[in-house]
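Below is one structure, written out as structure tokens, with a few remarks after it.
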Amino acid sequence: MKKLIIINGPNLNLLGKREPEIYGKETFNDYLITLKKNYKGASIDYFQSNIEGELIDKIQEVGFTYDGIILNAAAYTHTSVGIGDAVKAIETAVIEVHISNTFARETFRHQSYISPNVKGVILGFGLKSYNLAIESFIL
Ligand code: DQA
């Protein structure tokens, strides 16, 4: 059984309430229940933090034992050299995901400190971006 973890960055705890026209109306907790039902062949852990250092700590903690990390670093994607370095430092493969198509939005969202260090990037499919990332590890 593949051991996976979804790591979500700042403001993603507000999914369902936050800008629903961009991020949808479903809460991440509800989505996670469906996700776990759909992929019984994988164990899917979940971690969310609004704090950059906590995200780095978690990446380091799981980054040598897990089979895959699905990382939506949210706004830190565009600013955090530290998270980019953490992704580079670990052994576990990382898929970067975004709910929205960041390239169709403001230019500051076109820059990612994560992308150069990941196996792949999936963006723009709503919450389904996470399904696609999980499938890339298990199918
Ligand atoms: C996001 C895109 C980021 O630009 C933004 O700061 C987020 C969410 C996404 O999933 O679409 O918080 O990562």
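Observations on the structure shown:
- Selection status of Thr34, closer than 21 Å to Tyr23 by Cα, more than 16 Å from the ligand (Cβ to nearest atom) and over 14 Å from the mean Cα position of the chain (by Cα): yes
- If the condition is being closer than 14 Å to Glu21 by Cβ and either near the ligand (Cβ under 7 Å from one of its atoms) or in a helix (DSSP H, G or I) (or both), then the stretch 96-111 contributes Ile99, Ser100, Ala104, Arg105.
- Residue among Ile70, Ile90, Ile83, Ile59 that alone is at pLDDT 95 or above, of a type outside the set (S, T, N, Q) and closer than 14 Å to Asn131 by Cα: Ile70
- Residues of the stretch 1-36 classified as of a type in the set (Asp, Glu) and more than 15 Å from Gly126 (Cα to Cα), total: 0
- Which listed residue is away from the ligand (no atom under 16 Å from the Cβ), out of contact with any helix residue (DSSP H, G or I) (no Cβ under 6 Å at 6 or more places or on another chain) and open to solvent by less than 10 Å² (accessible area, probe 1.4 Å), from Val81, Val62: Val62
- Any hit, the stretch 43-57, residues being within 10 Å of the ligand (Cβ to nearest atom) and buried (at least 18 other Cβ atoms within 10 Å of the Cβ): no
- So Phe47, is it in contact with a strand residue (DSSP E or B) (Cβ under 6 Å, 6 or more places away or on another chain), under 19 Å from Ser129 (Cβ atoms) and of a type in the set (Phe, Trp, Tyr): yes
- In the stretch 110-139, the residues that are at negative phi reach residues that are open to solvent by 40 Å² or more (accessible area, probe 1.4 Å) and among the polar types (S, T, N, Q) with C-beta atoms within less than 7 angstrom, at least six apart or across chains, in these pairs: Gly120/Ser136; Val121/Ser115; Leu123/Asn101.
- Only one entry in Ala75, Ala89 is more than 21 Å from Leu4 (Cβ to Cβ), of a type outside the set (Phe, Trp, Tyr) and open to solvent by 30 Å² or more (accessible area, probe 1.4 Å), namely Ala75.
- Every residue from the stretch 73-98 that is touching a Gly at 6+ places or on another chain (Cβ under 6 Å) and within 12 Å of Gly9 (Cβ to Cβ): Ala73, Ala74, Tyr76
- Residues located in the stretch 1-40, provided they are in a helix (DSSP H, G or I) and open to solvent by less than 80 Å² (accessible area, probe 1.4 Å): Leu12, Leu14, Pro20, Ile22, Tyr23, Phe28, Tyr31, Leu32, Thr34, Leu35
- Consider the stretch 2-29 and keep the residues that are at positive phi and not charged (D, E, K, R). The one that is modelled with the highest pLDDT is Asn11.
The values are calculated or read from the model by the stated rules, or taken from the named source; none is laboratory data. Every value quoted in this text rests on a predicted model; they were computed, and no experiment measured them. Note that each Cβ is placed from the backbone with ideal geometry, even for glycine, and that neighbours are counted across all protein chains shown. All accessible areas refer to the heavy atoms of the entire protein, side chains included, with ligands and DNA or RNA removed. Shrake-Rupley method; radii C 1.70, N 1.55, O 1.52, S 1.80 Å.
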